[in-house]
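Worksheet for the structure shown next.
The values are calculated or read from the model by the stated rules, or taken from the named source; none is laboratory data. These numbers come from a predicted model, not from an experiment. When we count neighbours, we look across all protein chains shown, and the Cβ atoms used for this are built from the backbone with ideal geometry, even at glycine. The accessibility values were calculated without ligands, DNA or RNA, using every heavy atom of the protein model including side chains. Shrake-Rupley method; radii C 1.70, N 1.55, O 1.52, S 1.80 Å.
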Amino acid sequence: MISVPEALDNLFALTSVMPVEHVALRHANGRVLSREVTAQRTQPPFAASSMDGYALRRAEVELDAMFKVVGEAAAGHRYEGSLRAGQAVRIFTGAPVPDGADFVVIQEDVTRRGDLITLGYKIGSKDNIRPAGGDFVEGTPLSAPRRLRPADIALLAAMNIASVPVYVKPVVAIIATGDELVQPGESPGPDQIIASNTYGLAATLEELGATARLMPIARDNAASLKRSFELAQGADLIITIGGASVGDHDLVAPVAAELGMQQSFYKVAMRPGKPLMAGRLENTAMVGLPGNPVSAMVCGCIFVAPMIRAMLGLGQQPAPERLMPLAADIPANGPREHYMRANLVNGMVTAASRQDSSLLSVLATASALMVRPPNDPAQPTGAMVRIIDL
């Protein structure tokens, strides 16, 4: 068996960064920006009023000063003239500030009669003008790689970038194996269960930015499994679930070897998830996950998710961890690294009372995985432990 860090290193060695494509800005949310882009214009492109009011000269602002209103400026429609002494322009939020003006008095601080305004006595020193380039200037960069969020999309739009360079979504073929499995919605026989792992794993991968392809369930015979591998051709990553152990019905390793897989490793010193396998099938990385539902999902979090992030150009990093204090004592850990389902309450972490790798209901209610190092001694309440947020 190898350690979790060693397994990750081997998995990263099997991956490569995806090529780049350009997508319309409307479809770029959640995608990973592949290279730095720069603003195509300055924002705002002119000095603009931040309030509704009157544009005039700061030097003429004083109590009871009177001005003649000579025009109007609105968003999208500037005042074309140049302001002279004793003149003001009615201005609205977002409108360009007229030439010659350097101050906007808000409308609440002005009394107007016809074309004359009189300033009140509460006028402050704030000019109520957004300077040209106050947000960004032409050429301002947006760094990469980065997963684009709605705020980034808005910024790219303001930068006048309509086509965005992003990494191609990796296609992941997921093959569930086992005579005992049927699809959700079907009627299982007395000895069968519903295939849950594929759906949970597909949701995980799609949330990360991959495209998941669910293959037909591979039955416990070589011909069926070979057919599933054939259908998975063209994927950037192949994931099998179940059949990776050493029982008489565990056929993934021998069938994959027959098809030419070069095995990278088999078995990891962790729980849940010990019977993990990985290698390369022709030019495609392949990962064989355990069949127990929680084992498959935990391995997806610890191993497959970092692979997807690496393929999307986000670097070769393990699942992000942080430290939190224990809410209750925990006993010593065994020889394998243990990823315990846990809950976060009031800034502290509590391990779930049941840790069996078949209990999806426990995983569904967990908010984190508590990471116990191999042979970790018993830990008291308040001790700091590593967690991975779910």
### Radius of gyration, Dmax [segment 49-204; alpha carbons; angstrom]
30.1, 92
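Round to the nearest 0.05 the FRET efficiency obtained for residue 146 and residue 9 when R0 = 25 Å and r is the Cβ-Cβ distance. Working shown, then result.
Working: r = 25 Å, r/R0 = 0.99.
Efficiency at R0 = 25 Å is approximately 0.50.
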### Task
Please identify which residues in segment 72-110 have an amide N closer than 16 Å to a label point set 7 Å out from the Cα of residue 41, following the Cα→Cβ vector.
75-78, 94-97
### Per-q log10 I(q)/I(0), segment 75-133, q = 0.17, 0.20, 0.23 Å⁻¹ (Debye; single scatterer per alpha-carbon; no solvent)
-0.61, -0.85, -1.12
### Task
Return the sequence-ordered ³J(HN,Hα) values of segment 113-128 in whole Hz as given by the Karplus equation 6.51 cos²θ - 1.76 cosθ + 1.60 applied to θ = phi - 60°, using x for Gly and Pro.
9, x, 9, 10, 10, 10, 6, x, 10, 9, 5, x, 8, 5, 7, 6
### Task
For the chain, find the longest principal axis of its Cα atoms and tell me its angle to the long axis of helix 222-231, 0 to 90°, nearest 10.
20
### Task
Have a look at 98, 330, 82 and report the one farthest towards the positive end of the charge dipole of the chain, computed about the Cα centre with Cβ charges (Lys/Arg +1, Asp/Glu -1).
82
### Message
Cut-off 10 angstrom, C-alpha nodes, Gaussian network model of the chain. Which of 240, 93, 284 fluctuates the most?
### Response
93
### Query
With the contact rule set at Cα under 8 Å and sequence spacing of 6 or more, what percent relative contact order holds for the chain?
16
### Spin-label zone in segment 16-31 - amide nitrogen under 18 Å from a point set 7 Å from the Cα of residue 157 along the C-beta vector
23-31
### Message
Let me spell out the model: positive unit charges on the Cβ of Lys and Arg, negative unit charges on the Cβ of Asp and Glu, origin at the Cα centre of the chain. What dipole size does that give, in debye rounded to 20?
### Response
500
### Task
Give me the accessible area of residue 266, 1.4 Å probe, in Å² rounded to the nearest 10.
60
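Please report the net charge: other residues with Cβ closer than 14 Å to the Cβ of residue 31, K and R +1, D and E -1. Don't skip to the end; give the middle numbers.
Numbers: positive: 26, 35, 146, 147, 149, 169, 309; negative: 21, 152, 206, 207.
With Lys, Arg at +1 and Asp, Glu at -1, the neighbours total +3.
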### Message
Give the lysines reachable from residue 126 as a straight Cα distance under 26 Å; neighbours fewer than 8 places away on the same chain don't count.
### Response
68
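Can you give the charge dipole size of segment 1-137 about its Cα centre, rounded to the nearest 20 debye, using +1 on the beta carbon of Lys and Arg and -1 on the beta carbon of Asp and Glu? Mind showing how you got there, number by number?
Working: 15 positive and 17 negative charges, 77 e Å.
Result for segment 1-137 is approximately 360 debye, rounded to the nearest 20.
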### Task
Assign one of three labels to segment 193-306, namely rounded, prolate or oblate, based on the Cα gyration tensor with a ≥ b ≥ c the square roots of its eigenvalues; rounded applies when a/c is under 1.5, prolate when it is not and a/b is larger than b/c, and oblate otherwise.
rounded
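Before I look further, what does segment 32-154 give for accessible area per residue, probe 1.4 Å, in whole square angstrom?
Working: 6750 Å² over 123 residues.
Normalised by residue count, the accessible surface of segment 32-154 is 55 Å².
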#### Entry: Under 5 Å, built H, 5+ apart or other chain: amide partners of residue 146
33
### Query
How much of the accessible area of the chain, in percent, comes from carbon and sulfur atoms when a 1.4 Å probe is used?
50
### Query
Roughly how tilted is helix 4-14, in degrees to the nearest 10 and between 0 and 90, from the longest Cα axis of the chain?
80
## Note on the structure
Once amide hydrogens are built 1.01 Å from N within the peptide plane, the residues lying 5 or more places from residue 88 or on another chain with amide H under 5 Å from its amide H are 68, 69, 70
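May I ask you to rank 31, 84, 354 by accessible area, largest first, using a 1.4 Å probe over the protein chains only?
Numbers: 31 30, 84 165, 354 130 Å².
Highest to lowest solvent-accessible surface, that is 84, 354, 31.
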### Query
Each residue of segment 46-54 in turn: what ³J(HN,Hα) in whole Hz from Karplus with 6.51, -1.76, 1.60 and θ = phi - 60°, glycine and Pro shown as x?
8, 5, 10, 6, 9, 9, 7, x, 9
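Can you list which of the GluC sites (Glu not before Pro) found in segment 104-195 are DSSP loop residues with at most 11 other C-beta atoms within 10 Å?
Working: sites: 108, 138, 180, 186; in loops: 138, 180, 186.
Those satisfying the criteria are 186.
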### Summary
Given unit charges at Cβ for Lys, Arg (+) and Asp, Glu (-), the dipole magnitude of segment 68-173 about its Cα centre in debye, nearest 20, is 320
#### Entry: Debye-sum result for the chain in log10 I(q)/I(0), which assumes one identical scatterer on each alpha carbon, at q = 0.13, 0.14 Å⁻¹
-1.03, -1.14
### Task
Name the residues whose placed amide hydrogens come within less than 5 Å of the amide hydrogen of residue 135, ignoring near sequence neighbours (fewer than 5 apart) on the same chain.
43
#### Entry: Scattering profile of segment 277-355 at q = 0.18 Å⁻¹ [log10 I(q)/I(0), Debye over alpha-carbon scatterers]
-0.95
### Query
Quick one: net charge of residue 121's neighbours, Cβ under 15 Å, K/R +1, D/E -1?
-3
### Task
Using Cα pairs closer than 8 Å and at least 6 residues apart in sequence, work out the relative contact order for segment 81-214, in percent.
15
### Message
Can you tell me the orientation of helix 197-208 relative to the chain, as the angle in degrees between its alpha-carbon axis and the longest Cα principal axis, to the nearest 10?
### Response
30
